[in-house]
Each structure stands twice: as structure tokens, then as C-alpha cells.
Amino acid sequence: YDALKDKQQNQVIRLEHGRPIRFGGTRGVVRDRATGDLKVVDVTDDNEADIVVHDAHSPSPTTAFALSRLADPHTLHHTPIGVFRAVDRPVYDRQLADQLDTAIEQNGKGDLAALLAGNDTWTVGSSS
């Protein structure tokens, strides 16, 4: 991880919500028009308007996933750090509790013993 700690290499991409994704003074991240993938480029006057602006609150995880794939696995160059995605979404256990509360409100509190010994029972016996 020395490449990530070495400030001289400028290989870390610091993600900041609402800001263009630039690093190392002259480098930036753009979306490839042909494939839709993200790629690192040298920023010029011609491509400066194409630099991706980081949106951590995007409802789609597509760009966050693409950013996570930028780092070179061997050298760790172009490694993004920061908040990739921050969205407010319901939590499973809260939704489950709400669903149970609604069922009890509509149908009343259940009775497990009555359910197990309900009207639809049968007896298994041996044949003679």
C-alpha cells in the first residue's frame, strides 16, 4: 500500500460529492462515450467539460461501482477513496416490523395453538 501513502505519486482519487473527479493536478475521470465505462485521462481544454462530477447521492449504483473498478489491482494506481455512495433507504428489519404491525392491526393478534389445532386436521392411522 506504499503507492497509496506516497504523496509524490498522486495516484489517489479523492471523491467529493458535487465536485469534478480530478487528481494529480492534471488527471481526471471521464465516461467513455463508446462503452459507458469510466477511464482516467489527462485533462485538456478539449475534454475538461467531460470530467465526471461525483454524485454520492445518485439512486443508481452504476457510477459508484464503476469508480470502484478504476484502481489497478497490481499497482493500486488510480485508487478512489471517500464516499462512493450515500443513499437513504429503508432498513429490512424496520420494514418487517411495519409489515407485522399492519397484519396485527388488520387481522388481530394471532394464536399459534389455534392455528396448529385448527379446523383442517387429519389423523394418520394404520391400515388393517
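The values are calculated or read from the model by the stated rules, or taken from the named source; none is laboratory data. Here the structure is a predicted model, which is why all the values come from computation and not from measurement. Here the Cβ positions follow ideal geometry from the backbone for every residue, glycine too, while neighbour counts run over all protein chains shown. Calculation scope for accessible area: heavy atoms of the full protein, side chains included, ligands and nucleic acids excluded. Shrake-Rupley method; radii C 1.70, N 1.55, O 1.52, S 1.80 Å.
The figures follow:
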item	result
Filtered trypsin sites (Lys or Arg not before Pro), region 76-112: DSSP coil and at most 12 other beta carbons within 10 Å	Lys109
R0 of 25 Å, Cβ-Cβ distance Asp32-Val83: FRET efficiency to nearest 0.05	0.60
For Gln99, net neighbour charge (Lys/Arg +1, Asp/Glu -1) across residues whose Cβ lies under 13 Å away	-3
Per residue accessible area in Å² of the chain, where ligands, DNA and RNA are left out and the probe is 1.4 Å	80 Å²
Solvent-accessible area, 1.4 Å probe, carbon plus sulfur percent, for the chain	50 percent
Per-residue SASA entry for Thr62, accessible area with 1.4 Å probe, Å² rounded to 10	90 Å²
For the chain, size of Cβ-based charge dipole, Lys and Arg +1, Asp and Glu -1, in debye	360 debye
Kirkwood Rh, Cα atoms: Rg over Rh of the chain	1.42
Segment Val41-Arg19, extension gain: residue separation times 0.36 nm, minus the distance between their alpha carbons	6.3 nm
